[in-house]
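A quick write-up on the structure given underneath.
Nothing in this text is a laboratory measurement; each read-out follows from the coordinates by a stated rule. The model shown is predicted, which means the values in this text are computed figures rather than measured ones. Counting neighbours? That spans all protein chains shown, and the Cβs are built from the backbone with ideal geometry, glycine included.
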Amino acid sequence: MIPALGLLAGIVIGILVRPDVPLWLQPYLPIAVIAALDAVFGAVRAALDGIFDDKVFVVSFLSNVVVAAFIVYLGDQLGVGAQLSTGVIVVLGVRIFSNVASIRRHLFSA
Amino acid sequence: MGASSPPPDRDRGSAGPRIAGRRIAGIGWPLATKANVLVLTLALLLGFAISAQVRQTRTQGLETLREDELLGVLDTVTQEGVRLGAELRDLERTRDRLASGADSELEAIDIARERADTLGLLAGSKAATGPGVRLTIADPDGRVGATVILDAIEELRDAGAEVLQVGPQRVVMGTFFSDSDAGVSVSGTALSPPYVILAIGDPATMASAMGIPGGVSESVRGLRGEVTVEQLDSLDITAIHRSDPPRFATPAPTPDPSPTS
């Protein structure tokens, strides 16, 4: 419940505050968001599996975000930023889908 | 949170929806532990980041694009510019062509009108005006025949008459003269003396042509008639010859229909 409420509250705050993403953050924020989403779905799945651990969640959330942003940064420095971004998004997307499939099996037994 | 209040059943895989619901509820049991606060903060951050990113994407300009993306945009714009330039030149050419076409069309219409005027005068389908002579042939004895009238016409033509009228009849290519009981008939229309011939041309030349020895005046005088020549500065020939379109003759195709005048 708490994460869902927090997510909703964050979205509402973002809509109300209308923040401008600082320039240095702009290339990394989309990737970071995707990585965080991956961590969230992983957490939901773990909760459904009954093995949720908040420390694991916090660490995976932060490390996901940092690693994703770092990979994009590295890609930008190497001149393959666009390709690496795509790669990261593909990998994270695959993980999100597999997590969602697992969640679906729990919720609908199908 | 899950760690502080672990759900009783830990079987993985296909737990039923009821158990799953209980577990979901178990994640967020509001206990103000440090972990809960941390998770809440992270979720808040994530939501904030999502809405910020969505808004950013909607208002995105060129400044956030990467170098190769910018190059792509530049390429697209350049190609579009080249394409539009070519189109512009095409349209300008078309416009020029249309403008000059309109000019030459007007010119062609002028030429055609001029030609129609000339041919109308020649064929007798248009009234004519200009300097000329009025020739009156008095014939008290009724001895002046078609021959004399024809001679007079020929003499006038030799003297440069451009448009001729005998009595009420326009003289054209197909005009014929014949003798009739009352006098001379022109193209089937009977005339009676005195015969009036109108001719547009150089008045002095035509008048002197009438007066030459052995000419029209003299031969009419020999028939006890009298020829009067009036030189006029302005003379109207209003008789119109109506010609039917030819039944057999059609214009032969000419390679270059240059206007004749």
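Quick look at the values:
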quantity: Rotationally averaged projected area of segment A:23-110 (alpha carbon convex hull; nm²); calculated: 5.9
quantity: Of A:Gly87, B:Gly47, A:Tyr73, farthest towards positive along the dipole that unit charges on Lys, Arg, Asp, Glu beta carbons give the protein assembly as shown; calculated: B:Gly47
quantity: 4 °C / 1.567 mPa s Stokes-Einstein diffusion coefficient of segment B:90-140, Kirkwood radius on C-alpha pairs, µm²/s; calculated: 87
quantity: The protein assembly as shown, helix-only ellipticity at 222 nm - DSSP H runs n ≥ 4, -39,500 (n - 2.57), divided by all residues, nearest 500; calculated: -20000 deg cm²/dmol
quantity: Average projection area in nm² (convex hull over Cα atoms of segment B:115-261, one quarter of hull surface); calculated: 9.8
quantity: Cα-based equivalent ellipsoid of segment B:141-211: semi-axis lengths in Å, sorted from largest, via gyration tensor; calculated: 21, 13, 9
quantity: Solvent-free Debye scattering, log10 I(q)/I(0), computed from the Cα coordinates of segment B:46-148 at q = 0.14 Å⁻¹; calculated: -0.91
quantity: Per-selection Rg to Rh, segment B:179-261 - Cα, Kirkwood hydrodynamic radius; calculated: 1.10
quantity: Cβ-Cβ FRET estimate between A:Leu74 and A:Val94, R0 fixed at 25 Å, reported to 0.05; calculated: 0.75
quantity: Dimensionless Rg ratio for the protein assembly as shown, taking C-alpha atoms and the 2.2 N^0.38 Å reference; calculated: 2.65
quantity: Residue among A:Arg45, A:Arg18, A:Arg95 with the largest mean-square fluctuation in a Gaussian network model of chain A, springs linking Cα atoms under 10 Å; calculated: A:Arg18
quantity: Angle in degrees between helix A:81-108 and the longest Cα principal axis of chain A, rounded to the nearest 10; calculated: 10
